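The values are calculated or read from the model by the stated rules, or taken from the named source; none is laboratory data. Since the model is a prediction, treat every value here as computed from it, not as a measurement. Because the Cβ atoms are built from the backbone with ideal geometry, glycine has one as well, and the counts that use them run over all protein chains shown. Protein only, heavy atoms only, side chains kept; ligands, DNA and RNA dropped before computing areas. Shrake-Rupley method; radii C 1.70, N 1.55, O 1.52, S 1.80 Å.
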Amino acid sequence: MTEFTPIAATIGGILIGLAAAMMMLFEGRIAGISGILSGALKKSDGTPPAWQATFLGGLVLGGIVLTAAQGFVERDFVMTELSISPVLAIAAGLLVGFGTRLGNGCTSGHGVCGIPRLSMRSILATLTFMAAAAATVYLTNHVFAFGGLS
Amino acid sequence: MIRQLLVLFSGFVFALGLGISEMTRPEKVLGFLDIFGDWDPSLAFVMGGAIVVYAGALQIVKHRNRPQFGKRFRIPTRSEITPSLIIGAAIFGIGWGLAGFCPGPGIVAAAGLVTPALFFLPSLIAGILIHRWLFD
């Protein structure tokens, strides 16, 4: 359904790797988005904005710039043509939020930052969420027909 | 100040990477996960590119005592494989497969006012808080 875009994917991956590398080399922090979002949701103790909130600000800024850039370069960065119902999106959010905290990480923390460390926890977590996600896509689109692709 | 700006810049570059690779588009993510259907392997190259660059950064870390600004390198040291690690990853995977958003792309797409992401993001935050109430 979507085109195979290995070059754009590799360039994007390199940028993600560079961003995560900056967080480690400057701050000594793992760029795991679920952990950063969770950290930003902690009560403030009166100190200046936590680094987590600043990083999330960068993500939001990036989203705004990407959205604005779409009109100029005739490429889609931040948009979808799929009809993903609110109910599906809300259920997905609850599962992703709860699951990433229970499993201590998501695609970025376990995948991007964990696999290069050869962390067995991260490698197993990545294999598990990839397999669960692929099974879910199969079931919701090819067995039942309520997924975004069906 | 420069320290805060570099953290902001890291987040910004992270978002650009997600956008250019189109991980911010659910069709691209679901197409990658749809290995029994019309498979689009692009996102394996995202992970590959990111892992190679980050592995290089870890080599630099090896030769340094501390990060540029932070007190120390906070690299996770846990090694035990727990049920919660695997169950949590499985629950996350189910949610990821439902709508095609993981946390980073969900935030970036919500910033771009993509409709399903505007439902996904508050619910993502609720999921994190529910976990906190139950387990903290």
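Surface composition of chain B: carbon plus sulfur atoms hold 68% of the accessible area, using a 1.4 angstrom probe and ignoring ligands, DNA and RNA. What is the calculated FRET efficiency for B:Gln59 to B:Ile81, with r their C-beta to C-beta distance and R₀ = 25 Å, to the nearest 0.05? That gives a FRET efficiency of 0.40.
The long axis of helix A:120-138 is offset from the longest Cα principal axis of chain A by roughly 30 degrees.
Please report the spacing between the Cα centers of the stretch B:1-51 and the stretch A:104-150 in Å, no decimals. Between the Cα centre of the stretch B:1-51 and that of the stretch A:104-150, the gap is 14 Å. For B:Glu27, the accessible surface of its heavy atoms amounts to roughly 10 Å² (probe 1.4 Å, protein chains only, rounded to the nearest 10).
Length gained on full extension, B:Arg66 to B:Leu118, computed as 0.36 nm times the residue gap minus the Cα-Cα distance: 14.9 nm.
Taken per residue, the accessible surface of the protein assembly as shown reaches 44 Å², heavy atoms only and a 1.4 Å probe. Computed from Cα positions, the angle between helix B:83-99 and the longest principal axis of chain B comes to roughly 50 degrees. At the residue level, B:Asp136 shows approximately 130 square angstrom of accessible surface with a 1.4 angstrom probe and all protein chains present. If you run the Gaussian network model on chain A, springs between alpha carbon atoms under 10 Å, then out of A:Ala135, A:Ala40, A:Ala21 the most flexible one is A:Ala135.
Averaged over the residues of B:33-41, the number of partner chain Cβ atoms lying within 10 Å of the residue Cβ comes to 6. From its DSSP helices (H runs of at least four residues, each -39,500 (n - 2.57)), chain A gives a residue-normalised ellipticity at 222 nm of -18500 deg cm²/dmol.
Taking chain B as a Gaussian network of alpha-carbon nodes connected by springs under 10 Å, the highest mean-square fluctuation of the residues B:Ile107, B:Ile125, B:Ile75 belongs to B:Ile75. Could you work out which residue, out of B:Gly11, B:Gly56, B:Gly100, moves most in a Gaussian network model of chain B, that is, has the largest mean-square fluctuation with Cα springs under 10 Å? With Cα springs under 10 Å in chain B, the top fluctuation among B:Gly11, B:Gly56, B:Gly100 is at B:Gly56. Placing pseudo-labels 7 Å out from each Cα toward the beta carbon at A:Ala131 and B:Gln4 gives an inter-label distance of 4.6 nm.
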